[in-house]
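What follows is a structure written as structure tokens; I'll ask about it next.
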Amino acid sequence: MNPPRLAIIIPCYNEEEVLPSSLKILLGLLTRMAGDGLVAADSYILCVDDCSKDSTWQIVNETHKADGRVKGLSFAHNSGQQNALIAGLLTAMDHCDCAVTIDSDLQDDPEAIIRMVEKFREGCEVVFGVRSSRDTDTWFKRTSARGFYRFQEMMGVETVYDHSEFRLMSNRAIHLLSEYGETNMFLRGIIVRLGLKTAVVACPRRARMAGETKYSLSKMISLSIDGITSFTAQPMRLIFLTGFVLLILDVIVAIYALISYFSHHTTTGWTSLILSVWFLGSLILMGLGIVGEYIGKIYVEVKHRPRYAIREKLFD
Ligand code: UDP
Ligand code: MG
């Protein structure tokens, strides 16, 4: 097998403080890997500038002039890390054998890319970078991230625990991903569904080299909501379930209300009022749940996702 052409894709948003050193480290890594015959000499780095307000794009331009292995894309609007990653992957799709996505602050150890490429050469199509420790993250970041993974699992979304956007994808994996036409893409959730041979590479999460997180609380919340709502209509099913549980509780409430009524402990009108409030409340919730089931079906239809993922074929 010839050494594969590797594309390293980095989303950048206001990263002037870390980008020059990150590019230097990644270029050094590419040179080393090409020298060892692990990747092709024309492997490259693709920076996707998510409409930064600082000199990020200028840095990409200057580095590109000095070293053609650094390439770039620049967004007209701040569209978020997920879209930057998708744009990078789709651009590199026909120009690489495999692509690694990594954050520009290199909090995930770039040396792990070597192990990722080795796994790719052994036949894995998707290699997940998983954080072996996240001591350098703040307590809030750690707890909220883990809580989010758990909640997603509870809602039936399949994900890889403690894996973020640091991963290798083969050219085939990117092509399969490109068949997902939905606008609200939550990459981590889709990529595990592609049905390809995967592997995991563990690496510790380090502190940001410079600058601060570009994920504001509102961006984190909106990513979490996307992670659930773009995958499952399960929350709507919960509405129906709540209504159903309330309907069962109705029986207990009804017994209590009737006993109170017949033992003359109630004011006039209370019994009928409380019975109708509980009964109608649970009926309304169940009704909403049924409407939700249909909305859930529409939601699955409009996504127009591929119906299945074929792992292997014995058909010429
Ligand atoms: N990023 C982006 N667009 C945004 C926010 C972030 O492209 O609107 C990029 C950012 O430049 C970085 C990556 O997404 O390369 C992850 O962001 P960050 O490191 O700030 O997140 P954290 O590690 O704190 O979760
Ligand atoms: Mg980071």
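Which residue is surrounded by the most Cβ atoms within 10 Å (Cβ to Cβ), if the candidates are limited to the range 246-259 and must be touching a residue at least 12 places away in the same chain (Cβ under 8 Å) and over 15 Å from Leu273 (Cα atoms)?
Residues of the range 246-259 touching a residue at least 12 places away in the same chain (Cβ under 8 Å): 246-247, 249-250, 253-254, 257-258.
When the remaining residues are screened for being over 15 Å from Leu273 (Cα atoms), the result is 246-247, 249.
Details: Leu246: 18, Leu247: 16, Leu249: 12.
In this case the residue turns out to be Leu246.
Which of the residues belonging to the range 175-194 are under 15 Å from the mean Cα position of the chain (by Cα) and away from ligand 1 (no atom under 16 Å from the Cβ)?
Listed by number, the residues that qualify are Leu177, Tyr180, Glu182, Thr183, Gly189, Ile190, Ile191, Val192, Arg193, Leu194.
Can you name the condition, by its number, that Gly211 falls short on among (1) within 16 Å of ligand 1 (Cβ to nearest atom); (2) open to solvent by 50 Å² or more (accessible area, probe 1.4 Å); (3) at positive phi; (4) not hydrophobic (A, V, I, L, M, F, W, C)?
Against the list (1) within 16 Å of ligand 1 (Cβ to nearest atom); (2) open to solvent by 50 Å² or more (accessible area, probe 1.4 Å); (3) at positive phi; (4) not hydrophobic (A, V, I, L, M, F, W, C), Gly211 comes up short only on (2).
State yes or no: is Gln152 touching a residue at least 60 places away in the same chain (Cβ under 8 Å), open to solvent by less than 40 Å² (accessible area, probe 1.4 Å), under 20 Å from the mean Cα position of the chain (by Cα) and away from ligand 2 (no atom under 15 Å from the Cβ)?
Numbers: touching a residue at least 60 places away in the same chain (Cβ under 8 Å): yes; open to solvent by less than 40 Å² (accessible area, probe 1.4 Å): yes; under 20 Å from the mean Cα position of the chain (by Cα): yes; away from ligand 2 (no atom under 15 Å from the Cβ): yes.
For Gln152, the condition - touching a residue at least 60 places away in the same chain (Cβ under 8 Å), open to solvent by less than 40 Å² (accessible area, probe 1.4 Å), under 20 Å from the mean Cα position of the chain (by Cα) and away from ligand 2 (no atom under 15 Å from the Cβ) - is met.
Test of understanding: among Ser282, Ser224, Ser216, which residue is within 30 Å of Met185 (Cβ to Cβ), hydroxyl-bearing (Ser, Thr, Tyr), out of contact with any strand residue (DSSP E or B) (no Cβ under 8 Å at 6 or more places or on another chain) and buried (at least 16 other Cβ atoms within 10 Å of the Cβ)? So that I can check it myself, show each step before the final result.
Details: Ser282 fails: within 30 Å of Met185 (Cβ to Cβ); Ser216 fails: buried (at least 16 other Cβ atoms within 10 Å of the Cβ).
Going through Ser282, Ser224, Ser216 in turn, just one is within 30 Å of Met185 (Cβ to Cβ), hydroxyl-bearing (Ser, Thr, Tyr), out of contact with any strand residue (DSSP E or B) (no Cβ under 8 Å at 6 or more places or on another chain) and buried (at least 16 other Cβ atoms within 10 Å of the Cβ): Ser224.
Considering only the range 153-160, I want to know if a residue exists there that is closer than 30 Å to Glu111 by Cβ, within 16 Å of ligand 1 (Cβ to nearest atom), assigned to a loop (DSSP other than H, G, I, E, B) and in contact with a helix residue (DSSP H, G or I) (Cβ under 6 Å, 6 or more places away or on another chain).
The answer is yes; a qualifying residue exists.
Can I ask one more? So, Leu85, is that one within 11 Å of ligand 1 (Cβ to nearest atom) and modelled with pLDDT of 95 or more or not?
Details: within 11 Å of ligand 1 (Cβ to nearest atom): yes; modelled with pLDDT of 95 or more: yes.
For Leu85, the condition - within 11 Å of ligand 1 (Cβ to nearest atom) and modelled with pLDDT of 95 or more - is met.
Might you check whether a residue that is under 20 Å from Arg115 (Cβ atoms) and either of a type in the set (A, V, I, L, M) or away from ligand 2 (no atom under 16 Å from the Cβ) (or both) occurs anywhere in the range 45-62? Before you say what the answer is, go through the steps one by one.
First pass over the range 45-62, keeping only residues under 20 Å from Arg115 (Cβ atoms): 45.
Now restrict to residues that are either of a type in the set (A, V, I, L, M) or away from ligand 2 (no atom under 16 Å from the Cβ) (or both): 45.
Looking for residues that are under 20 Å from Arg115 (Cβ atoms) and either of a type in the set (A, V, I, L, M) or away from ligand 2 (no atom under 16 Å from the Cβ) (or both), one finds at least one in the range 45-62, hence yes.
Moving on to the next point. Kindly list, by first and then second residue, each pair from a residue in the range 131-144 that is open to solvent by 60 Å² or more (accessible area, probe 1.4 Å) to a residue that is among the small types (Gly, Ala, Ser) and not in a helix (DSSP H, G or I), limited to pairs with Cβ atoms under 6 Å and residues at least 6 apart or on different chains.
Here the result reads Ser132/Ala202; Thr136/Ala207, each pair linking the range 131-144 to a residue that is among the small types (Gly, Ala, Ser) and not in a helix (DSSP H, G or I).
So, Glu16, is that one within 16 Å of ligand 2 (Cβ to nearest atom), out of contact with any strand residue (DSSP E or B) (no Cβ under 7 Å at 6 or more places or on another chain) and acidic (Asp, Glu) or not? Walk me through it before giving the result.
Details: within 16 Å of ligand 2 (Cβ to nearest atom): yes; out of contact with any strand residue (DSSP E or B) (no Cβ under 7 Å at 6 or more places or on another chain): yes; acidic (Asp, Glu): yes.
Judged against the criteria, Glu16 is a match.
Separate question: Filter the range 17-56 down to residues that are closer than 18 Å to Asp103 by Cβ and touching a residue at least 60 places away in the same chain (Cβ under 8 Å) and give me whichever is farthest from ligand 1 (Cβ to nearest atom).
Here the residue is Leu29.
While we're here: For Tyr149, state whether it is at pLDDT 90 or above, within 21 Å of Ala233 (Cα to Cα), not polar (S, T, N, Q) and not in a strand (DSSP E or B). Before you say what the answer is, go through the steps one by one.
On the way: at pLDDT 90 or above: no; within 21 Å of Ala233 (Cα to Cα): yes; not polar (S, T, N, Q): yes; not in a strand (DSSP E or B): yes.
When the stated conditions are applied, Tyr149 does not pass them.
In the range 175-221, how many residues are of a type in the set (Lys, Arg), touching a Gly at 6+ places or on another chain (Cβ under 8 Å) and touching a residue at least 60 places away in the same chain (Cβ under 8 Å)? Please lay out each step first, then the result.
In the first step, residues of the range 175-221 are kept if they are of a type in the set (Lys, Arg); the result is 188, 193, 197, 205-206, 208, 214, 219.
When the remaining residues are screened for being touching a Gly at 6+ places or on another chain (Cβ under 8 Å), the result is 188, 197, 219.
Checking which are touching a residue at least 60 places away in the same chain (Cβ under 8 Å) leaves us with 197, 219.
So the count comes out to 2.
The values are calculated or read from the model by the stated rules, or taken from the named source; none is laboratory data. These numbers were taken from a predicted model, which means no experiment stands behind them. Ideal geometry is used to build each Cβ from the backbone, glycine not excepted, and the neighbour counts take in all protein chains shown. Each accessible area value is taken on the protein alone, full model and side chains, heavy atoms only, with ligands, DNA and RNA left out. Shrake-Rupley method; radii C 1.70, N 1.55, O 1.52, S 1.80 Å.
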